[in-house]
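The next block holds one structure in the form of structure tokens; read it before the comments.
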Amino acid sequence: MNALALDPIVALDAEALSQAIHARQVSCREVMQAYLGHIEHCNPQVNALVSLRSPQALLAEAEACDLELACGQSRGWMHGMPQAIKDLAATAGLRTTLGSPLFAEHLPAHDAISVARVRASGAIIIGKTNVPEFGLGSQSYNPLFGTTTNAYDASRVAGGSSGGAAAALAMRLLPVADGSDMMGSLRNPAAFNNVFGLRPSLGRVPYGPAPELFVQQLATEGPMGRSVTDVARLLTVQAGYDRRAPLSLNDGERDFAAGLQRDFTGVRIGWLGDYDGYLPMEDGVMALCEAALADFATLGCNIEACQPAFDLARLWQCWLTHRHFLVHGSLAAAYADPGKRALLKPEAQWEVQGGLQLSAAAVYQASLDRSAWYQALLSLFERYDYLLLPSAQVFPFDAALAWPEVVGGRPMDTYHRWMEVVIGPTLAGLPSMSVPVGFNAAGLPTGLQIIGPAQADHAVLQLAYAHEQLTRWVQRRPPPSLVSG
């Protein structure tokens, strides 16, 4: 079959699918049947979806959605749409394993805030998307479900920790997907699978409910999609203040999909590149990203190379301290139990051990360094409206590897050093969206981060939308297994 020979329902982007459902052009039952058939055929290629619910239960829920529409009732944009939730987010009555044997049979009593919002918008939860253990590392493998592989080459990784979400999107197993991002977990897998992933501004999507409400300010949940409009629609569902998350933004209800089209003539863009040679890059990554700069020039933007006035080695140490501190906070109890410690992967144990060695002074210094980094980027935003940065330092690598040990001839001293490029927007709490920018000679994709000032999520979506209309990478290059030879 070719790309157009996919089931017409499965081939639709989420926005078009929502419109077709609400116009009664397709029934929710037909949508569910189409997706279940496609999942049965294609999910084994990538192992993106796990803990799938029974078809009978899902079809019954779809029929209930049809009855509501027949009575003129819609729950929202996602009414009747199949959705699988990232396996780090709690789903009431559905296994939430975190990719860990410690939680192999964990059945949460309540949904996470973002999951409850998706469900309230009418989505039918069909299962979960696969993750690395506790979301640590951008390689989505774990001892419970195995490895999720790349939509463009099943011998390669999908990235992570939203690897299952990204691969499922690219393979048309889901119309849209939720993810989360601490160290590029929305952006890296999006780049690896030729889809879009938005890390929202800090507080845009409330995180929780969680036992700790104030210190954790690195990870955030966010949307992924095959179009910028789909990402904006899902962000609209996910975003908004929740009193259980006191640091969530409270700026009223917003439709992030409205007003995406904009004139970019004269808009100023700063190109960070590889931080003037600081970051090692696999051959070909920079060439594709630099070629994409011409796309933004075509849109009317003025692009200049620039660098933050900041020591990037200091930023890495700041990152390590924050990460050790937070991972230790969440996993220290398991680590203290010898039986449970044995079930933690080495990378998780290393993070906890790093946390055990931290002093209060070191944690406070890391917060000072993080604040200084934000100020350095704030200075850049006085000259530029946006910043651009590669989404990844490597192309999707061999799925048999836990992580790349050498990049650009330089040895990697930690399991996540090879994705250092993503820590800047995270530590500054800025909105950052990975957009596709093409493929190397081996047919492997990569992406570029569009970074905006604090809370400028809509502006980031606008530039991503303009770039998408010009390049159309998702439509131009579907996964080869969905295209006939």
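The values are calculated or read from the model by the stated rules, or taken from the named source; none is laboratory data. Predicted model, so just to flag it, every value in this text is computed and none were measured. Counting neighbours? That spans all protein chains shown, and the Cβs are built from the backbone with ideal geometry, glycine included. Side chains included, ligands, DNA and RNA excluded: accessible areas come from the protein's heavy atoms. Shrake-Rupley method; radii C 1.70, N 1.55, O 1.52, S 1.80 Å.
Count of the stretch 346-355 residues, restricted to those that are more than 11 Å from residue 326 (Cα to Cα) and in contact with a helix residue (DSSP H, G or I) (Cβ under 7 Å, 6 or more places away or on another chain), is 2.
Just so you know, in the stretch 363-402 the residues that are over 15 Å from residue 451 (Cα atoms) and charged (D, E, K, R) include one that is least open to solvent (accessible area, probe 1.4 Å), and it is 369. For the stretch 50-99, a residue qualifies if it is acidic (Asp, Glu) and either open to solvent by less than 20 Å² (accessible area, probe 1.4 Å) or within 27 Å of the chain's Cα centre (by Cα) (or both), and exactly one does: 87. Residue 47 satisfies every condition listed in (1) buried (at least 20 other Cβ atoms within 10 Å of the Cβ); (2) at negative phi except (2). Taking every residue in the stretch 142-156 that is in contact (Cβ under 8 Å) with a residue 60 or more places away in the chain and pairing it with any residue that is among the acidic types (Asp, Glu) and open to solvent by 60 Å² or more (accessible area, probe 1.4 Å), at least 6 positions away or on another chain, the pairs with Cβ-Cβ distances below 9 Å are 155/398; 156/398. Residues that are surrounded by fewer than 17 Cβ atoms within 10 Å (Cβ to Cβ), at pLDDT below 95 and basic (Lys, Arg) occur in the stretch 248-255; there is at least one. Note on the stretch 246-284: among residues that are touching a helix residue (DSSP H, G or I) at 6+ places or on another chain (Cβ under 7 Å) and not in a loop (DSSP other than H, G, I, E, B), the one that is nearest to residue 121 (Cα to Cα) is 269.
Would you mind finding the one in 455, 449, 469, 475 that is crowded, with 24+ Cβ neighbours inside 10 Å and of a type outside the set (A, V, I, L, M, F, W, C)? So the residue among 455, 449, 469, 475 that is crowded, with 24+ Cβ neighbours inside 10 Å and of a type outside the set (A, V, I, L, M, F, W, C) is 449. Can you find even one residue in the stretch 210-222 that is of a type in the set (D, E, K, R), open to solvent by 10 Å² or more (accessible area, probe 1.4 Å), over 12 Å from residue 434 (Cα atoms) and not in a loop (DSSP other than H, G, I, E, B)? Yes, because at least one residue in the stretch 210-222 is of a type in the set (D, E, K, R), open to solvent by 10 Å² or more (accessible area, probe 1.4 Å), over 12 Å from residue 434 (Cα atoms) and not in a loop (DSSP other than H, G, I, E, B). Under the condition of being part of a loop (DSSP other than H, G, I, E, B) and of a type in the set (Val, Ile, Thr), which residue from the stretch 136-183 is nearest to residue 208 (Cα to Cα)? Selected residue: 176.
Of the candidates 146, 135, the single residue that is closer than 23 Å to residue 332 by Cβ and small (Gly, Ala, Ser) is 135. The listed residues are 230, 153, and the only one of them that is farther than 20 Å from residue 462 by Cβ and charged (D, E, K, R) turns out to be 153. Scanning the stretch 197-209 for residues that are open to solvent by 10 Å² or more (accessible area, probe 1.4 Å) and outside any loop (DSSP other than H, G, I, E, B) gives no hits. Taken as a whole, the structure leaves residue 127 outside the set of residues that are modelled with pLDDT of 95 or more, outside any helix (DSSP H, G or I), open to solvent by less than 10 Å² (accessible area, probe 1.4 Å) and farther than 21 Å from residue 225 by Cα. Filtered by the rule that a residue be within 18 Å of residue 245 (Cα to Cα) and outside any helix (DSSP H, G or I), the stretch 95-114 gives 110, 111, 112. Checked across the stretch 437-447, the condition of being at pLDDT 95 or above and in a helix (DSSP H, G or I) holds for no residue. Per the listing 351, 290, 304, 282, the residue uniquely on the phi < 0 side of the Ramachandran plot, acidic (Asp, Glu) and open to solvent by less than 40 Å² (accessible area, probe 1.4 Å) is 351.
Selection of the stretch 223-245 for residues being crowded, with 19+ Cβ neighbours inside 10 Å and in a strand (DSSP E or B) yields 223, 224, 225. Remark: pairs (first residue in the stretch 99-128, of a type in the set (Lys, Arg); second residue assigned to a strand (DSSP E or B) and modelled with pLDDT of 95 or more; Cβ separation under 8 Å; 6+ apart in sequence or on different chains) = 119/125; 128/49; 128/50; 128/84; 128/85; 128/86; 128/91; 128/94. Within the stretch 18-35, residues that are open to solvent by less than 10 Å² (accessible area, probe 1.4 Å) sit with their Cβ atoms under 9 Å from residues that are among the polar types (S, T, N, Q), at 6+ positions apart or across chains, in these pairs: 21/27; 21/74.
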